[in-house]
Amino acid sequence: MGYFGHSAFDNDEAMDWLATISHASAAARIRRALNSYISFVKAGAKPELATPEYIDSIVEDVRESHTKFPPKWWLDSGRPLDEHLQEEELELRDHFASGRYLDEQYGPAEEALAAAEAVAVFGGFPPENLSQDTRSVLQSLGPISLSREIVDSAVTAAELLLADSRYCKMREFFLRAFPEVSGGDDAMSHIENLLQRLRKLRRGRNVAV
C-alpha cells in the first residue's frame, strides 16, 4: 500500500481501481465496489490465521523476488545480499508471529472509499483538495445517474469505514510512515468530511455530472 495524501484517491489501490473504469462501466463498478465492502463487513468476516505453509510460501516468494531484483538501496549499502535477505525473512516471520498481519484484513476498503468519493463528486460535492488530474478522469467517466440506492450505499460504506478499527489502524500506520509524502495522519478527517458531503447529497436531489 502506498499513500501520498489524505484524499480517497491518494493511494495505489484506489488509483488502480479508477484506471480500470470506463464511461460505460462507471455506475456498475461504483455500485459493485460499495456493495462488496458493505457485504464484507456485514458478513462479520473474521481474520484468518496464516498456516505455517502459507508463511513459508510468502517468505520464499519475497526471497526469490529480491534475489532477482534487489532494491537499489540494498545494492548501494555495500552489504552482502544474503544479510539483507536474512533480515527481511526475520522481519516477515516476526510480522506473522506477532499477529500484526491480522489487522490488515479489512476487505476492499480502498475501492469502496474511492467509489463513495466518486458518488460525492458526481453528485456535486467534491472534496476541496481533489487534484485536477483525478477530477479530469472522473469527469471523463460521467455523466452518470445517481439513484437513491447508490447514494445510500455510499453513505453506508463511509459509515462502516469510520467504524472499521482494522482499517483505521492500517490507514494511520501508512499515513504516519512517510509524513513528508502523505501529510501525516489525518485521524480519518477526510472520511468524516466525505460522509458529511454524502449526507448533504442524500438530503438534496440527485445530481449527475
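Collect the residues in region 177-189 that are modelled with pLDDT of 85 or more and either farther than 15 Å from Ser7 by Cα or surrounded by 15 or more Cβ atoms within 10 Å (Cβ to Cβ) (or both), keeping them in residue-number order. If the condition is that a residue be modelled with pLDDT of 85 or more and either farther than 15 Å from Ser7 by Cα or surrounded by 15 or more Cβ atoms within 10 Å (Cβ to Cβ) (or both), then Ser182, Gly183, Asp185, Asp186, Met188 are the ones that fit. The residues of region 57-75 that are of a type in the set (Val, Ile, Thr) and either over 13 Å from Gln86 (Cα atoms) or within 26 Å of the chain's Cα centre (by Cα) (or both), listed by number, are Ile58, Val59, Val62. In this structure, Ala33 does not satisfy being surrounded by 18 or more Cβ atoms within 10 Å (Cβ to Cβ), in the same structural domain as Val155 (by TED's automatic domain parsing), more than 24 Å from Glu128 (Cβ to Cβ) and of a type outside the set (Lys, Arg).
Results for (1) within 16 Å of the chain's Cα centre (by Cα); (2) within 20 Å of Phe40 (Cα to Cα), shown as yes or no for each residue.
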| position | (1), (2) |
| --- | --- |
| Val155 | no, yes |
| Arg166 | yes, yes |
| Glu180 | no, no |
| Gln196 | no, no |
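For region 125-147, a residue qualifies if it is of a type outside the set (S, T, N, Q) and closer than 22 Å to Ala24 by Cβ, and the qualifying residues are Asp133, Arg135, Val137, Leu138, Leu141, Gly142, Pro143, Ile144, Leu146.
Scanning region 55-87 for residues being within 30 Å of Ser165 (Cα to Cα), modelled with pLDDT under 85 and out of contact with any Leu (no Cβ under 9 Å at 6 or more places or on another chain) gives a total of 2. Give region 153-188 a look and list any residue that's under 23 Å from Ala118 (Cβ atoms) and among the hydroxyl-bearing types (Ser, Thr, Tyr), or say none. Selection gives Ser153, Thr156, Tyr167, Ser182. Among residues of region 36-54 that are more than 16 Å from Ser165 (Cβ to Cβ) and modelled with pLDDT under 85, those with a beta-carbon under 9 Å from a residue that is among the polar types (S, T, N, Q) and outside any helix (DSSP H, G or I) at least six positions away or on a different chain give the pairs Glu48/Gln105. For region 1-39, the candidate set comprises residues that are in a helix (DSSP H, G or I) and of a type in the set (D, E, K, R); within that set, the residue that is nearest to Ala116 (Cα to Cα) is Arg31.
The values are calculated or read from the model by the stated rules, or taken from the named source; none is laboratory data. Small disclaimer: the values here were computed from a predicted structure and weren't measured. Heads up, the Cβs are rebuilt from the backbone with ideal geometry, glycines too, and the neighbour counts pull from every protein chain shown.
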